[in-house]
1. Considering region 35-77 alone, what residues qualify as being in contact with a Ser or Thr (Cβ under 9 Å, 6 or more places away or on another chain) and in a helix (DSSP H, G or I)?
2. Give region 5-28 a look and list any residue that's of a type in the set (Val, Ile, Thr) and assigned to a strand (DSSP E or B), or say none.
3. Scan region 106-115 and tell me whether some residue there is over 13 Å from the mean Cα position of the chain (by Cα) and among the aromatic types (Phe, Trp, Tyr).
4. Would you call LEU40 over 16 Å from ARG73 (Cα atoms), at pLDDT 95 or above and crowded, with 18+ Cβ neighbours inside 10 Å?
5. Considering only residues that are of a type in the set (Asp, Glu), touching a Gly at 6+ places or on another chain (Cβ under 9 Å) and more than 17 Å from VAL13 (Cα to Cα), which ones fall in region 31-79?
6. Quickly run through region 112-150 and pick out the residues that are without any contact (Cβ under 8 Å) to a residue 40 or more places away in the chain and under 24 Å from PHE50 (Cβ atoms).
7. Applying the selection to region 67-95, what residues are aliphatic (A, V, I, L, M), surrounded by 16 or more Cβ atoms within 10 Å (Cβ to Cβ) and without any contact (Cβ under 8 Å) to a residue 60 or more places away in the chain?
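The values are calculated or read from the model by the stated rules, or taken from the named source; none is laboratory data. It should be emphasised that the depicted structure is a prediction, and the values quoted were computed from it without experimental measurement. Cβ placement follows ideal geometry from the backbone for every residue including glycine, while neighbour counts extend to all protein chains displayed.
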Amino acid sequence: MVEADVERFTVGVFQDLAWAQKGIDALIRAGFPVESLTILIKDGAEAAAFIERTLGAPAERIDLAGIGAVVARGLLVRALQGEAGDLAKLGLSGTMRRVGFQAHDGRIFDVLAARGGVLVAIHGDPRAADALAILHSYGGGNAAIGAWTGRV
């Protein structure tokens, strides 16, 4: 097994913006800094405004393989881009392994986001279990911690 330096993220997908807002508010109340959050949503009328209002900065528009046009912002986006910047070409299903998820997890996140779900990720290792519990409590579907961190 080869050890790799991989960042840890906890990820969940909410069914819509209203549920995502509740989950994000709970994360912030629990002390997770806004700069540790990532939001990824299919591009739509409210999506970019939601990200800018929630994270305090404009969203980036990306055409993702398997999903289409999305808006996103956060550390997870940078981690998935990699040095080659191939998030658009490979989509979530092809890049989530970079942050400790197995290929099937990436496919699940791909499908849920393509159906209009709001992907929310929290960067950081020390409180990953706390973040996971909050995601589950507020409807974050398929919430999981990138448990394969450091293993390739």
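1. Within region 35-77, the subset in contact with a Ser or Thr (Cβ under 9 Å, 6 or more places away or on another chain) is 37, 39, 55, 65-66, 72-77.
Across region 35-77, the qualifying residues are LEU55, LEU75, LEU76, VAL77.
2. Here is the first cut: in region 5-28, the residues of a type in the set (Val, Ile, Thr) are 6, 10-11, 13, 24, 28.
Answer for region 5-28, where residues must be of a type in the set (Val, Ile, Thr) and assigned to a strand (DSSP E or B): THR10, VAL11, VAL13.
3. no
4. Working: over 16 Å from ARG73 (Cα atoms): no; at pLDDT 95 or above: yes; crowded, with 18+ Cβ neighbours inside 10 Å: yes.
So LEU40 fails the test.
5. Keep residues of region 31-79 that are of a type in the set (Asp, Glu), which gives 35, 43, 46, 52, 60, 63.
From what is left, the residues that are touching a Gly at 6+ places or on another chain (Cβ under 9 Å) are 35, 43.
If the condition is that a residue be of a type in the set (Asp, Glu), touching a Gly at 6+ places or on another chain (Cβ under 9 Å) and more than 17 Å from VAL13 (Cα to Cα), then GLU35 is the only one that fits.
6. Kept after step one, since they are without any contact (Cβ under 8 Å) to a residue 40 or more places away in the chain, are these residues of region 112-150: 115, 126, 129, 133.
Hits for region 112-150 are ARG115, ALA133.
7. Step one: list which residues in region 67-95 are aliphatic (A, V, I, L, M), which gives 67, 69-72, 75-77, 79-80, 84, 87-88, 90, 92.
Those left that are additionally surrounded by 16 or more Cβ atoms within 10 Å (Cβ to Cβ): 67, 70-72, 75-77, 79-80, 87, 90, 92.
Result: ILE67, VAL70, VAL71, ALA72, VAL77, LEU80, LEU87, LEU90, LEU92.
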